[in-house]
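Novice: Have a look at this one.
The values are calculated or read from the model by the stated rules, or taken from the named source; none is laboratory data. The structure displayed is predicted, hence computed values, not measured ones. Please note: Cβ atoms are built from the backbone with ideal geometry, for glycine as well, and neighbour counts cover all protein chains shown.
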Ligand SMILES: [Fe+2]
């Protein structure tokens, strides 16, 4: 289970509440993956995964828009620096979406339980690392 704590806070309200919802979705997924040992809840798992994918796509879009807004207000010097951050940040988003798409495209049908546990580990690691290392830097600029 992934617990929200203060170390995740960017102090950008919309970003923080979206991150909290993402954590909630991952925890829901975790519960369902455990429950599937007792009964078949494949549909519910797919429902959460679909929501997770769609929500993540829209969350990333909003974060990227926020960064574009920041860039529009920066001086040339600040912009050169921020641009690198923006590029790296966006590349992480793209890589994440690719990974999720890949899971949807082939992995799930093959080995549902194993994939789901691997997937949860991946999601938890990714979210922690991304929020703590990349998203948190946003608050320096807002
Ligand atoms: Fe991000």
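Novice: Out of 43, 69, 76, report the one residue that is within 16 Å of the ligand (Cβ to nearest atom), loosely packed, with under 13 Cβ neighbours inside 10 Å and over 17 Å from residue 23 (Cβ atoms).
Specialist: On the way: 43 fails: within 16 Å of the ligand (Cβ to nearest atom); 76 fails: within 16 Å of the ligand (Cβ to nearest atom).
Of 43, 69, 76, the one residue that is within 16 Å of the ligand (Cβ to nearest atom), loosely packed, with under 13 Cβ neighbours inside 10 Å and over 17 Å from residue 23 (Cβ atoms) is 69.
Novice: Still on this structure, I have one more. Tell me which residues, restricted to the range 79-89, are in contact with a helix residue (DSSP H, G or I) (Cβ under 9 Å, 6 or more places away or on another chain) and loosely packed, with under 14 Cβ neighbours inside 10 Å. I'd like the intermediate steps shown before the answer.
Specialist: Kept after step one, since they are in contact with a helix residue (DSSP H, G or I) (Cβ under 9 Å, 6 or more places away or on another chain), are these residues of the range 79-89: 79, 82-83, 85-86, 88-89.
Selection gives 83, 88.
Novice: Conditions: (1) farther than 18 Å from residue 133 by Cα; (2) modelled with pLDDT of 95 or more. Residue 52 meets all but one. Number of the miss?
Specialist: Failing condition for residue 52: (2).
Novice: For residues that are touching a residue at least 12 places away in the same chain (Cβ under 8 Å) and in a helix (DSSP H, G or I), scanning just the range 1-20, find the one that is surrounded by the fewest Cβ atoms within 10 Å (Cβ to Cβ).
Specialist: Per the stated criteria, the residue is 7.
Novice: Quick check: is even one residue across the range 21-34 in a loop (DSSP other than H, G, I, E, B) and touching a helix residue (DSSP H, G or I) at 6+ places or on another chain (Cβ under 7 Å)? Lay out the reasoning, then the answer.
Specialist: Kept after step one, since they are in a loop (DSSP other than H, G, I, E, B), are these residues of the range 21-34: none.
No: zero hits.
Novice: What pairs come out if I take residues in the range 121-142 that are within 10 Å of the ligand (Cβ to nearest atom) and pair them with residues that are at pLDDT below 90 whose C-beta lies under 8 Å away, six or more apart or interchain?
Specialist: Note: pairs meeting the criteria are 127/2.
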